[in-house]
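The values are calculated or read from the model by the stated rules, or taken from the named source; none is laboratory data. Note that this is a predicted model, so its numbers are computed, not measured. We place every Cβ from the backbone using ideal geometry, glycine too, and count neighbours over all the protein chains shown.
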Amino acid sequence: AQSVSQHNHHVILSEAASLELGCNYSYGGTVNLFWYVQYPGQHLQLLLKYFSGDPLVKGIKGFEAEFIKSKFSFNLRKPSVQWSDTAEYFCAVKTGANNLFFGTGTRLTVIP
Amino acid sequence: EADIYQTPRYLVIGTGKKITLECSQTMGHDKMYWYQQDPGMELHLIHYSYGVNSTEKGDLSSESTVSRIRTEHFPLTLESARPSHTSQYLCASSHGGDPSYNEQFFGPGTRLTVL
C-alpha cells in the first residue's frame, strides 16, 4: 500500500534560518506530489504541487520543493523562514486513482 | 466568495446519538471527499464522491455514511456515535477533468468528541 513518511514531527527554528522538511513516499508508479500547509486556526491550503516537468517546484511565500524520483522524495525548502511560517506542513501523494495519501505532518515553530 | 464550509466546527455529543456533519462548497467542484484525522496522525480518506449520486468508501474503514444529492453538498452521518468516533473530520473538494487541476481544497474541519 502507498505510504507517505514525514520524519520530522516538530521543527523549531529561529527567524532567518533555512528550512528543509523531509517527505518520502512508497509507490513505484507515476505520482503527483503536494505540500499543504495549515496555519493556526485556518484551513489546510495548498503550498505547491508537482505533476510533471521541472522537478524543482516553486510555491507560494518563497517555498520550493524538489522531486527526486530515485529517492522517492519531495522535500520542502525555504531559504529564510519568518515567524509567520509557523504552521503544520503536510506532504501528500496522489497515485493513479484520485485519492490523496497524506503524511503525519510536521509542526514548524519559528521563534522571532 | 467561492469556498468550502463545514458545520459544526466543534461538537460534543453522548454515545448513541445520531449526528450529521455538514459540508458545502460553492466552487462548483464535481469531486468531494471526507477525511478523518486523529491527533498526530495522517489524514485518512473515509469517503469520496465523483458527482451527484456517486459515493465510494475510502482507504480507512468507517461506520459513517455519506450522501451526494446535490453537487454542492456532501453530508456525513453517524447513526449511533461512539467514543471511538472521536476525531477531526475534514471535508475537501476538487475539480474534475484534467488531473493537473486536481488539487483539493479543504474546509475548516469538524472536531467531534463523543462522550
Residues of segment B:1-30 classified as surrounded by 14 or more Cβ atoms within 10 Å (Cβ to Cβ) and among the small types (G, A, S), total: 1
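Looking only at residues in segment A:78-112 that are farther than 30 Å from B:E56 by Cα and charged (D, E, K, R), which one is nearest to the other protein chains (Cβ to nearest Cβ)? So that I can check it myself, show each step before the final result.
Restricting attention to segment A:78-112, the residues satisfying the condition of being farther than 30 Å from B:E56 by Cα are A:78-87, A:107-112.
Then drop every residue that is not charged (D, E, K, R), which leaves A:78, A:85, A:107.
Details: A:K78: 20, A:D85: 19, A:R107: 9 Å.
Applying the filter and picking the extreme gives A:R107.
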Answer residue from segment A:20-36, given it is more than 14 Å from chain B (Cβ to nearest Cβ) and surrounded by fewer than 18 Cβ atoms within 10 Å (Cβ to Cβ) and is nearest to B:R111 (Cα to Cα) among those: A:G22
Matching residues in segment B:38-49 (modelled with pLDDT of 90 or more and out of contact with any Phe, Trp or Tyr (no Cβ under 7 Å at 6 or more places or on another chain)) number 0
Identify all residues within segment A:1-35 that are over 24 Å from B:P39 (Cβ atoms) and under 14 Å from the mean Cα position of the chain (by Cα); write none if there are none. A:E20, A:N32, A:L33
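Considering only residues that are assigned to a loop (DSSP other than H, G, I, E, B), facing chain A (nearest Cβ under 9 Å) and not small (G, A, S), which ones fall in segment B:29-45? Please lay out each step first, then the result.
Here is the first cut: in segment B:29-45, the ones assigned to a loop (DSSP other than H, G, I, E, B) are B:29-30, B:38-42.
If we keep only those that are facing chain A (nearest Cβ under 9 Å) as well, we get B:40-42.
Once the filter is applied, which keeps residues that are assigned to a loop (DSSP other than H, G, I, E, B), facing chain A (nearest Cβ under 9 Å) and not small (G, A, S), segment B:29-45 yields B:M41, B:E42.
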With the checklist (1) in contact (Cβ under 8 Å) with a residue 60 or more places away in the chain; (2) in contact with a Phe, Trp or Tyr (Cβ under 9 Å, 6 or more places away or on another chain); (3) surrounded by fewer than 18 Cβ atoms within 10 Å (Cβ to Cβ); (4) not polar (S, T, N, Q) in hand, flag the one item B:E56 doesn't pass. (1)
Of everything in segment A:52-77, what is under 20 Å from B:F106 (Cα atoms) and within 12 Å of chain B (Cβ to nearest Cβ)? Give them in sequence order. A:G59
(1) at the interface with chain B (Cβ under 10 Å from one of its Cβ atoms); (2) surrounded by fewer than 18 Cβ atoms within 10 Å (Cβ to Cβ); (3) farther than 16 Å from B:E103 by Cβ all hold for A:Y39 apart from (1)
Elements of type strands (runs of 3 or more DSSP E) in segment B:46-115, at least 1 residues being under 30 Å from A:T30 (Cβ atoms), within 13 Å of the chain's Cα centre (by Cα) and within 14 Å of another protein chain (Cβ to nearest Cβ): B:54-57, B:87-94
Among the residues in segment B:9-28, are any assigned to a strand (DSSP E or B), within 14 Å of another protein chain (Cβ to nearest Cβ) and out of contact with any Asp or Glu (no Cβ under 7 Å at 6 or more places or on another chain)? yes
Conditions first: (1) outside any helix (DSSP H, G or I); (2) surrounded by fewer than 17 Cβ atoms within 10 Å (Cβ to Cβ). A:S84 passes all but one, so which condition is the exception? (1)
